[in-house]
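Notes to accompany the following structure.
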Amino acid sequence: MTNSPLTPGIAPARLPADRIAGNFADHEPPLDQHEARVAADRCYFCHDAPCVTACPTSIDIPLFIRQIATGTAESAATTIWTQNILGGMCARVCPTETLCEEVCVREVAEGKPVEIGRLQRFATDTAMARGLHPFTRAAPTGRTVAVVGAGPAGLACAHRLAMHGHDVVVYERRAKAGGLNEYGIASYKSTGGFAQKEVEWLLQIGGITVQTGVELGRDVTLEGLLAMHDAVFLGIGLGGVNALRAAGEDKAGVANAVDFIAELRQTDDLTTLPVGRDVVVIGGGMTAVDAAVQSKLLGAENVTIVYRRGQDRMSASCYEQDHATSVGVRIICNAAPVAVHGNGAVREVEFGYVADTADGLQPTGETFRLKADQVFKAIGQTLSGVPAGAALDGGKIAGLPVRVWAGGDCTGGGEDLTVTAVAQGRDAAEAIHLSLMGVAG
């Protein structure tokens, strides 16, 4: 190994290959059959279970856990997939600690919830390993639908439309389908190429064609898609990244956290991926945590997350924050970037402490500097590539032309989560189906 965590600047191979491989192994190993049965036995199988209400896709959680408890994991998977066709990935990346598990009766009474997320993964992984795809297409309707974006919303919409017998063409601007599941989450949460395996599994329904390298506004237009298809679903996500609005943010070594995560996810040999010795991540959400943790796992000596508000206001869950600190990431709150310093490349980032008042964030006048040779911006993404005819509200799509629907992060009405996107794509597909059948009839 030629480099180490102490090597100055941005460098690859800071850790031995075996160490990096261990760091990026499955963050939370799957339950085996015995462990799953034991975990399932803790469920009270509540009537009007609060966990179902807390799940954005309304999975019948008590039912699928009972099915695991009785040794029928394949049936449990079918129960999950009926509501959430990307249940395998959601089991890995959903913040269950703030959704279904937070309201679990066991959590409220004992402080230890039923492990709903791990049980969901056990069921879906078991069924996928056995080649189960429990859905078939209805008779062909002769209708075609364009789905723009092969992320969670687009894939969920496409699968449900295919089930109803419609032909679907998915237009994806990247080289692979999957959206944030493929490009935007920490590698240790989805190992072994699971995102692509789930896409391939989903496409077994038939009737779905995926065209990659096709971008709305560059290669196709909404008007053109409407001329070729009976309906269009937009699941275009959020393509832009907010600026720091700090002097010097254009210096070398300053990058978008989402780009870093995407590059990491597509790198076969992580020893070749360069990372700084002193890394500063600006932001307080899941992207910030994922970028910071993975920088540390690649061998950065010092990694610091800086967030402008209090730690209780961070959108990353307490579980994720604790995970970050457990691997050595420092979190500094109530500070905002003032300037990026360095001669061509970043060497320090200057921050100013701020007070969160009734009149908004107010600078206290006190500043400090952090040594940095790499800075990641993770202060939110913005909507880009909005087609003509779409109305916006709060930076999200709020109104669309006739025969056009939208869902996922590009729209409002929910948190920017995989599970929320799946729910919106699924529900849009049902609305599209009803509309198409109304036209047909």
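The values are calculated or read from the model by the stated rules, or taken from the named source; none is laboratory data. Remember, predicted model here, so these are calculated numbers, not experimental data. Neighbour counts are summed over all protein chains in view; Cβ atoms, including those assigned to glycine, are modelled from backbone coordinates with ideal geometry. The area values use the complete protein model at the heavy-atom level, side chains included, leaving out ligands, DNA and RNA. Shrake-Rupley method; radii C 1.70, N 1.55, O 1.52, S 1.80 Å.
Quick look at the values:
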read-out	value
Selection count where residues are polar (S, T, N, Q), out of contact with any Phe, Trp or Tyr (no Cβ under 8 Å at 6 or more places or on another chain) and in a loop (DSSP other than H, G, I, E, B), scope segment 252-308	1
Within segment 89-123, tally of residues that are of a type in the set (Lys, Arg) and not in a helix (DSSP H, G or I)	1
Single residue of Pro363, Pro337 found to be touching a residue at least 40 places away in the same chain (Cβ under 8 Å) and more than 25 Å from the chain's Cα centre (by Cα)	Pro337
Candidates Glu107, Glu74, Glu102, Glu97 - the one that is surrounded by fewer than 21 Cβ atoms within 10 Å (Cβ to Cβ) and under 26 Å from Ala177 (Cβ atoms)	Glu74
Yes/no for Thr418 being among the β-branched types (Val, Ile, Thr), under 30 Å from Val52 (Cα atoms) and in contact with a Lys or Arg (Cβ under 8 Å, 6 or more places away or on another chain)	no
Matching option when the condition is free of Cβ contacts under 8 Å to residues at least 24 places away in the same chain and either over 26 Å from the mean Cα position of the chain (by Cα) or over 18 Å from Leu244 (Cβ atoms) (or both), among Asp427, Asp416	Asp427
Given (1) in contact with a Gly (Cβ under 6 Å, 6 or more places away or on another chain); (2) at pLDDT 95 or above, number of the condition Thr272 does not satisfy	(1)
Positions within segment 280-320 being more than 20 Å from Leu99 (Cα to Cα) and charged (D, E, K, R), in sequence order	Lys296, Glu301, Arg308, Arg309
Pro29 being exposed (fewer than 13 other Cβ atoms within 10 Å of the Cβ) and within 19 Å of Glu97 (Cα to Cα)	yes
Of all residues making up segment 388-405, the number that are open to solvent by 50 Å² or more (accessible area, probe 1.4 Å) and in contact (Cβ under 8 Å) with a residue 40 or more places away in the chain	5
All positions within segment 279-305 that are surrounded by fewer than 23 Cβ atoms within 10 Å (Cβ to Cβ) and under 18 Å from Pro8 (Cα atoms)	Lys296, Glu301, Asn302, Thr304
Residue in segment 80-101 that is farther than 24 Å from Lys296 by Cα and over 22 Å from the mean Cα position of the chain (by Cα) present	no
Residue within segment 355-367 that is in contact with a Leu (Cβ under 8 Å, 6 or more places away or on another chain), part of a strand (DSSP E or B) and surrounded by fewer than 16 Cβ atoms within 10 Å (Cβ to Cβ) present	yes
Within segment 314-333, tally of residues that are in contact with a Gly (Cβ under 7 Å, 6 or more places away or on another chain) and open to solvent by 30 Å² or more (accessible area, probe 1.4 Å)	1
Filtered residues of segment 385-418 (kept if assigned to a strand (DSSP E or B), of a type in the set (D, E, K, R) and either at pLDDT 95 or above or within 18 Å of Gly179 (Cβ to Cβ) (or both))	Lys396
Among the candidates Ala257, Ala231, residue that is surrounded by 13 or more Cβ atoms within 10 Å (Cβ to Cβ), closer than 24 Å to Leu86 by Cβ and over 25 Å from the mean Cα position of the chain (by Cα)	Ala231
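Yes or no, residue by residue, for (1) polar (S, T, N, Q); (2) open to solvent by less than 50 Å² (accessible area, probe 1.4 Å); (3) touching a residue at least 40 places away in the same chain (Cβ under 8 Å); (4) farther than 30 Å from Phe260 by Cβ:
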position: Ala13; (1), (2), (3), (4): no, yes, yes, no
position: Ala17; (1), (2), (3), (4): no, no, yes, no
position: Ala40; (1), (2), (3), (4): no, yes, yes, yes
position: His47; (1), (2), (3), (4): no, no, no, yes
position: Cys55; (1), (2), (3), (4): no, yes, yes, yes
position: Leu63; (1), (2), (3), (4): no, no, no, yes
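Every residue, every condition in (1) among the hydroxyl-bearing types (Ser, Thr, Tyr); (2) in contact with a Ser or Thr (Cβ under 7 Å, 6 or more places away or on another chain), yes or no:
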| site | (1), (2) |
| --- | --- |
| Thr7 | yes, no |
| Pro12 | no, yes |
| Pro16 | no, no |
| Phe24 | no, yes |
| His27 | no, no |
| Leu31 | no, no |
| Ala39 | no, no |
| Arg42 | no, no |
